[in-house]
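Below is one structure; the comments refer to it alone.
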Amino acid sequence: MLEAIAERIKALPPLPKSFHEMTKVCQDPQSGINDLAHVIEKDPMLVANLLKIANSPLYGFRREIKTIIQAVGLFGMSTTRSLVTDMSIKKLLQVDMAPYGITPEEFAMISGMQSALMLRWYGKVDTSKIDMLFLAALLQETGKILIADEVMKNDETYSFRSEIETCVNIADVEKMFVGMSSSEVTALIFKHWKFDTKMVEAILYSDSWTEAHEEIQSYALALKIVKTAIPLNAPLSERSINVALNLIEKAQMDTSPFLDAIAQLKSSF
């Protein structure tokens, strides 16, 4: 399966024109929220999905968001770019998460929960890192899309799903079936698309953060913690949260901001 996944990544189509237009706008210091909203408004599907996210309980806006300019204004340009990037990629890869026992909608929700937790938690830990970590948290499970596809092609959906339902570490099951974890697959995908090297490495080492370069370790650990608290098979369960807390304590970090963020996220539903 390793060769099949590698070939699939090489054959991935380029990201859509709207992604590059959005990136250009965000990198231009003279551009503002109106410019970014204009790019997004060219794609009706992006408009619908962004408004859906803006009105979801994840972000807790107190009024209904009816226009893209409202959404961009509330999210800010960086967060909007991250959200639209995630939407574009999931649309391009044609999501079917049957081997993981969840629907595409549930997969999108869990990615959103991981990024929302990152925003609420790490925004109180180190604001200088939050922009990259928010995007990485949204995208770090992307490799599961290709793994699910390979598992289905090999008629192993039932046995894979059975293992996923009861496992503590999803990455172990992925390696057992396809020889790679989704973090490794995700890193290869975004390396192929020439995403920021620091983000790619943070995702790559999120299952083995102590092995990363020193400047990457804190990013990789943060990603590990949010996906441990919100795994696909037991999001925000007591066990998942406790395992995440153990990681925080071992890293000698303050648990209070994390527990506050968990409480806020739970109260959203």
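The values are calculated or read from the model by the stated rules, or taken from the named source; none is laboratory data. All figures in this text were calculated on a predicted structure; none of them were measured in a lab. Note that we place each Cβ from the backbone using ideal geometry, even for glycine, and neighbour counts take in every protein chain shown.
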Taking only the stretch 225-241 into account, find how many residues are surrounded by fewer than 23 Cβ atoms within 10 Å (Cβ to Cβ), in contact with an Asp or Glu (Cβ under 8 Å, 6 or more places away or on another chain) and not in a loop (DSSP other than H, G, I, E, B). 0
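Under the condition of being closer than 17 Å to Val125 by Cα and in contact (Cβ under 8 Å) with a residue 40 or more places away in the chain, which residue from the stretch 203-224 is surrounded by the fewest Cβ atoms within 10 Å (Cβ to Cβ)? Spell out the reasoning first.
From the stretch 203-224, those closer than 17 Å to Val125 by Cα are 215-224; that's our starting set.
Then drop every residue that is not in contact (Cβ under 8 Å) with a residue 40 or more places away in the chain, which leaves 218-219, 222-223.
Values: Ser218: 19, Tyr219: 24, Ala222: 28, Leu223: 27.
Within the stretch 203-224, the match that is surrounded by the fewest Cβ atoms within 10 Å (Cβ to Cβ) is Ser218.
With a cut-off of at least 2 residues that are of a type in the set (Lys, Arg) and within 26 Å of Thr186 (Cα to Cα), name the helices (runs of 4 or more DSSP H) lying wholly within the stretch 1-75. Full working, then the answer.
Working: elements: 2-10, 17-27, 33-40, 44-54, 68-75.
Helices (runs of 4 or more DSSP H) meeting the threshold: 2-10, 17-27.
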Would you mind finding the one in Thr85, Thr79 that is among the hydroxyl-bearing types (Ser, Thr, Tyr), within 21 Å of Glu184 (Cα to Cα) and buried (at least 17 other Cβ atoms within 10 Å of the Cβ)? Thr85
Restricted to the stretch 88-124 and to residues being of a type in the set (Ser, Thr, Tyr) and closer than 17 Å to Ile230 by Cβ, the residue surrounded by the most Cβ atoms within 10 Å (Cβ to Cβ) is Tyr100
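Hey, does the stretch 11-28 have a residue that's of a type in the set (Phe, Trp, Tyr), touching a helix residue (DSSP H, G or I) at 6+ places or on another chain (Cβ under 6 Å), modelled with pLDDT under 90 and closer than 17 Å to Ser82 by Cα?
Of all residues in the stretch 11-28, those of a type in the set (Phe, Trp, Tyr) come to 19.
Now narrow it down to the ones that are touching a helix residue (DSSP H, G or I) at 6+ places or on another chain (Cβ under 6 Å): 19.
Going one step further and asking which of them are modelled with pLDDT under 90, we end up with 19.
Add one more test, that the residue is closer than 17 Å to Ser82 by Cα, and what stays is 19.
Within the stretch 11-28 (the criterion being of a type in the set (Phe, Trp, Tyr), touching a helix residue (DSSP H, G or I) at 6+ places or on another chain (Cβ under 6 Å), modelled with pLDDT under 90 and closer than 17 Å to Ser82 by Cα), the answer is yes, since at least one residue qualifies.
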